[in-house]
Amino acid sequence: MVITTTQFIKDYRDVALRWFADGLENLSPLQQYQTLALVVKGYAARDWARSKAHADKTQQKQVYYFSIEFMPGRLLASNLLNLGLKDVVDAGLAKLGLDSAAVYAAERDPGLGNGGLGRLASAFLDAMASTGMAGNGNGIRYRYGLFEQRFVDGYQVEVPDDWLRDSYPWETRKENRAVIVKFGGHVDLVPGASGHLTAVYQGTDDVLAVPYDTAMIGYRTGTVNTMRLWAAEPTAERAHALAETARAGAITEFLYPDDSDTAGRELRLRQEYFFVSAGLQSILTHFKRTHGDVRLLPNFVAVHINDTHPAMAVLELMRLLLDEEQLAWDQAWQLTVATMSYTNHTLMAEALETWPLGMFQDLLPRLAQLAFEVDRRFRARYLSRFGSVLVNRAAPLQDGQLHMANLAVIGSHAVNGVAKIHSELLKTTVLADLYQIFPDRFSNKTNGITPRRWVQLADVPLATLLDDVIGTKWRHQPQALVALRSHASDPAFLSRLMAAKHENKVRLAALIQATLGLEVPADAMFDVQIKRLHAYKRQLLHVFGILEHYLAIKKGAVRPPRVHVFGAKAAPSYRYAKAVIRLINAVAALVNADPDCAGKLAVAFLPNYGVSLAEAIIPAADVSEQISLAGTEASGTSNMKLMATGALTLATLDGANIEIRDAAGKESMAVFGLTEQEAKALRPQYNARERYERDPVLHRIVDMLTDGSIPNIESEGREIRAELLDYNDTYFVLADFADYLAANRRLDALWGDPVAWAKLATENIAASGRFSADLTVQRYGREIWRVLPEQPV
Ligand SMILES: *Cc1c(COP(=O)(O)O)cnc(C)c1O
C-alpha cells in the first residue's frame with residue numbers, strides 16, 4: 001500500500017475533525033490513538049473487501065479456526081508493519097507534533113485468552129493472512145477479558161478487564177449477519193411429506209448472536225482475513241426488557257479465567273455452543289450463497305477445532321446438515337468428518353473436557369440426541385474389530401459423561417498434537433485407544449510464533465542489526481536467519497549483538513523501575529520465566545534456585561549477578577498457584593531489600609502478564625526458563641519467542657524444547673532434569689521426603705518456607721511445604737533440584753566468557769526461523785486443511 005506522509009497527515013486531520021470535531025491539540029492520547037486506528041482501518045478496508053470478494057469469486061477454500069480464546073495483542077503497530085506503513089506514519093506523527101510512543105501506548109490489549117492457547121490462535125490468524133491463505137477466526141467477544149492482575153501485599157488481586165470501555169476501534173459490528181442460537185426446550189421429530197423427519201423445537205430460549213469482525217492483515221500480501229467474534233444479545237421480541245438484555249448478554253459477559261478445569265459449569269457450556277452454532281450457521285449461509293450445493297462443503301470449507309471447547313461443532317454441523325439441509329445420516333456424517341479437524345493441547349487426563357449428560361440434554365436436547373446416535377453407531381461399527389473394552393474407553397458417552405476429546409477425534413479426519421513429543425505421547429496416553437482405531441488420522445504440527453511481532457516490532461535493535469548483517473530477507477522468510485551462522489564467530493558482530501541486547505535490558509530495567517520502584521543492574525544476566533502460573537510449569541523450582549543463590553551470597557560466594565524476571569497470572573480459584581505467587585513476591589522482597597544482594601541478585605515480578613508485557617520482557621532476556629516436568633508441557637511457545645531474540649534456554653526435555661535443542665544444537669541449551677521416561681519410571685517409587693532429608697541445601701530451602709526466614713508467607717509456606725512433603729511433590733521439584741542447580745552453574749561459567757555466550761545466542765537466533773507460525777500454518781494447510789496457499793495477490 002502506498003501512502004505518502006503528506007497524504008497521511010491530511011487523512012489524519014480529516015478523521016480527527018470528523019470524529020472528534022476538534023483540533024489535534026485538544027485530543028487526548030487515547031483520542032489520538034483512536035483517530036490513528038480509524039485511519040489505518042480505512043487504509044486496510046479496500047484490501048479487506050477485495051480479499052472477501054476474491055475468495056468468493058475464485059471459490060478459494062476457506063479455513064475457519066474455531067477457538068474459545070484469542071489473544072491478538074495490540075494491533076496498531078502490527079497492522080502498520082503488515083501494511084508497510086509504519087515508517088510513513090511515524091514520520092507523519094512526528095510532523096504533526098504528536099508523541100508517537102504515547103499514541104501507541106494508549107491501545108488496550110484485548111485479553112480474550114488465558115495464555116498459550118489463545119496466543120497461538122492469534123498467531124495463526126496473522127500467519128494465514130501473511131501466507132495468502134483464506135483463514136478466519138471464530139470465537140467469542142467477551143465483554144470482560146481475562147482479569148487485570150495487581151499485587152497487594154504480595155497477593156494477586158483480580159480487577160475486571162473493562163477493555164471495551166473506550167470502544168474498540170478495530171472491530172466492525174455486523175448486525176446484518178446476526179443469527180439466532182437456541183438453547184433448551186424440547187425437540188420432536190415429525191415425519192414430513194418426503195418421509196424425512198423434521199426437527200420441531202418447542203419452548204426454546206433464543207439468543208441473538210451478533211458478529212463483530214476485525215481485519216487480520218497479512219504481512220505485505222494484500223490479503224486481509226477476518227477474526228469474527230460473537231456477542232450475545234436478546235432477540236428482537238425480547239429486547240425491550242432490561243432483565244432480558246442482562247440474561248442474554250451473560251453468555252458472553254466474561255472469559256473463564258482458567259486453562260483447563262472449567263468443565264461442569266453450565267455457563268461455559270452455553271458459551272461453547274453459542275459461538276460454535278453461530279459460527280457454523282454463518283459459514284453455511286455464506287457457503288450456500290457462494291457455492292449452492294452443501295454436499296460440496298469439504299471441498300471449500302475446513303473447520304478447525306482448537307482444543308475441545310469447540311468440539312460440539314461435530315454435532316452442530318450434523319444437526320444443520322440433517323435438520324436444515326435434509327441430508328441422510330451417512331452423507332451428513334461423511335461431510336462432517338471431511339470438514340472437521342482437531343488439535344489436542346494437553347496431556348493431562350484430568351484436563352480433558354467432559355460434560356454431564358443430564359446438563360447437556362437440558363441445555364442442548366437436539367445435540368444430545370445426535371450424541372447418542374454418534375455413540376451408538378461408533379460402538380456398532382468398531383465393536384467386533386476392537387473389542388468392547390477398547391471401544392468403551394474410546395466412545396463419546398461413558399458413565400453419564402460426554403467426552404469431548406473422543407467426540408472430536410471420531411468426528412474429524414485429522415487430529416494433531418503440538419510438538420513431536422506431545423504428538424507421540426498422545427498415541428500412548430490420553431488418546432491411545434482412539435489411535436488404535438484411527439491411526440491414519442494422527443499427525444504432529446509443532447506450534448509456531450510470529451517473528452513479526454516478537455522480533456520486527458518488539459526487538460528493533462536486533463531487527464536493525466539483522467538487516468545490516470544478513471539483509472532483510474528474514475523479514476519475509478524467517479528461515480533466512482540461518483545465514484547468521486556464518487557470523488557466529490565474528491567478534492564484531494557478536495559485540496553488536498550484545499550491545500543490542502544491552503539496549504533492550506536498559507529499557508526493561510526502566511520499566512521495572514517505573515513499575516516496581518526497583519533498581520536492577522542492566523549488565524546482570526536477565527533470567528526470565530513468563531507463562532501462566534501452574535504447578536507443572538514449576539515456577540517453584542525457579543524460586544528454589546533463587547533461594548540457593550541467596551544462601552550462597554550470604555556465605556560469601558561470588559557468582560555472576562542475576563536479575564530474575566517473572567510474569568504470571570494464576571486462575572483466581574487456583575489456591576496453590578496463588579500461594580506460589582505470594583512466595584515469589586516474598587522472596588523478591590527479602591532479596592531486593594538485602595544489602596548483601598545489591599548488584600548481585602534481584603527479583604522482579606511484573607504484574608499483569610499479557611502480550612504487551614511479553615513484548616517488553618522478551619527482547620531483554622538472556623536466559624529463558626522452560627522448566628516444566630518432562631511429559632507435562634504440550635509444546636510451549638514462549639520458549640520459541642525467547643530463542644528468537646537470542647536468549648539461551650534453560651530447559652527440561654519437554655514439549656518443543658526438544659526441537660529447539662535439535663535446531664540450535666546441544667551446546668546452545670542448558671538441559672537438565674528427568675526425561676519423560678525417567679519421570680514415569682520414578683513415579684511409583686518416588687519418595688520426596690527422602691530427597692529432602694538427604695540433600696542439606698534442599699532441606700534448608702524447604703525449611704525456609706515455614707521457619708520465618710521468608711517473612712509474611714506463613715500459610716502459603718505451609719501449603720507449599722505440604723505439597724512437597726505430604727503429597728509427595730507431584731511435579732518432582734525436589735527430584736530435579738540438584739540437576740537444575742548444576743545447569744545454572746554451567747550458565748554462570750558461560751557468562752564469564754561473553755564471546756562464547758554471544759555465539760550461542762547467535763545460534764539460537766539463526767535456528768529460530770523454523771518456528772515461524774507461517775511455516776506451521778502451511779503444514780496445516782497442506783496436510784490437514786488441504787488449502788493450497790495462494791501466491792500473494
Ligand atoms: C506466548 C505466550 C504465552 C505462552 O507461554 P508458554 O510459556 O508457552 O506457556 C502465554 N501468554 C502470553 C501473553 C504469551 O505471549
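A few points about this structure:
- The loop-placed trypsin sites (Lys or Arg not before Pro) in the stretch 494-557, going by DSSP, that have at most 11 neighbouring Cβ atoms within 10 Å of their Cβ come out as Lys555.
- Cβ-defined net charge surrounding Ala679, 13 Å radius [Lys, Arg +1; Asp, Glu -1]: -4
- In a simple Cβ point-charge model (Lys, Arg +1; Asp, Glu -1; nothing else charged), the chain has a dipole of about 1620 debye relative to its Cα centre.
- Kirkwood's formula applied to the C-alpha pairs of the chain gives a hydrodynamic radius of 27.7 angstrom.
- For the stretch 459-771: rounded, prolate or oblate by the Cα gyration tensor [a/c cutoff 1.5]: prolate
- With a cut-off of 10 Å between beta carbons, the residues surrounding Pro461 carry a summed charge of +1, where Lys and Arg count +1 and Asp and Glu -1.
- In percent, rounded to a whole number, the relative contact order of the stretch 283-364 is 35, using alpha-carbon pairs under 8 Å and six or more apart.
- Burial ordering of His240, His422, fewest other beta-carbon atoms within 10 Å first: His240, His422
- Each peptide in 372-378, 149-155 was scored by the mean count of other Cβ atoms within 10 Å over its residues; highest first, the order is 372-378, 149-155.
- Centre separation in Å (Cα based) which lies between the stretch 204-243 and the stretch 13-39: 26
- Among Ala193, Leu390, Val39 - extreme Cα towards positive end, dipole of the chain, charges at beta-carbon: Ala193
- Signed unit charges on C-beta, dipole axis of the chain, positive-most listed residue Leu511, Asn138, Thr776: Thr776
- Net length gained if the chain between Val389 and Lys182 were fully extended (0.36 nm per residue, minus Cα distance): 70.9 nm
- Estimated purely from DSSP H runs of n ≥ 4, each contributing -39500 (n - 2.57), the mean residue ellipticity at 222 nm for the chain is -14500 deg cm²/dmol once divided by its residues.
- Ranked packing of 14-26, 733-745, most packed first, by mean Cβ within 10 Å: 733-745, 14-26
- Peptide packing for 753-760, 593-600 was compared via the average number of neighbouring C-beta atoms within 10 Å per residue; ordered from the highest value, the list is 753-760, 593-600.
- Averaging Cα coordinates gives a centre for the stretch 440-485 and one for the stretch 551-608; these two points are 32 Å apart.
- Whole-Å distance, taken between Cα centres, linking the stretch 683-749 and the stretch 304-336: 50
- Listed from fewest to most Cβ neighbours within 10 Å, the set Leu30, Leu431 follows the order Leu30, Leu431.
- Percent RCO, i.e. relative contact order, over the stretch 365-496, from Cα pairs under 8 Å lying at least 6 residues apart: 15
- Across the chain, the mean sequence separation of Cα contacts (distance under 8 Å, 6 or more residues apart), normalised by length, yields a relative contact order of 13 percent.
Quick note: the coordinates plus some simple rules give every number you see, no bench work behind them. All values reported here derive from a predicted model rather than from experimental measurement. When we count neighbours, we look across all protein chains shown, and the Cβ atoms used for this are built from the backbone with ideal geometry, even at glycine.
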